[in-house]
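FYI, it's all coordinate maths here, none of it is from the lab. These figures come from a predicted structure and were not determined experimentally. Using ideal geometry, Cβ is built from the backbone for each residue, glycine included, and neighbour counts are taken over all protein chains shown.
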Amino acid sequence: MSIAERASSASLNGVIYEQVLGLPAQAKIAYTEALALDPGNKLVAQRLAQLNAIEAKAVEKATANAVLAQRALQSATNPRP
């Protein structure tokens, strides 16, 4: 299999993982492999960047939710007079 075919296969695997199976972590691995084989592939770079942005937003949201949960717990255990 040529490098171009391997890159195309990795890219397609990324699409399948992301859009069909809903497995973004595996999609990121496949897209990273595709970019390693074809660094100029703008579409794959865009998909990978979007997945990274979604992941960063999810981490940010989880952190904010943990802070809010902690505040709620503190308010419940230490009610204001």
When segment 1-47 is checked residue by residue, the ones that are in contact with a Gly (Cβ under 8 Å, 6 or more places away or on another chain), in contact (Cβ under 8 Å) with a residue 24 or more places away in the chain and among the aliphatic types (A, V, I, L, M) are A27, A34, V44
Those residues of segment 26-64 which are over 19 Å from the mean Cα position of the chain (by Cα) and either more than 30 Å from A10 (Cβ to Cβ) or surrounded by fewer than 10 Cβ atoms within 10 Å (Cβ to Cβ) (or both), in sequence order: G40
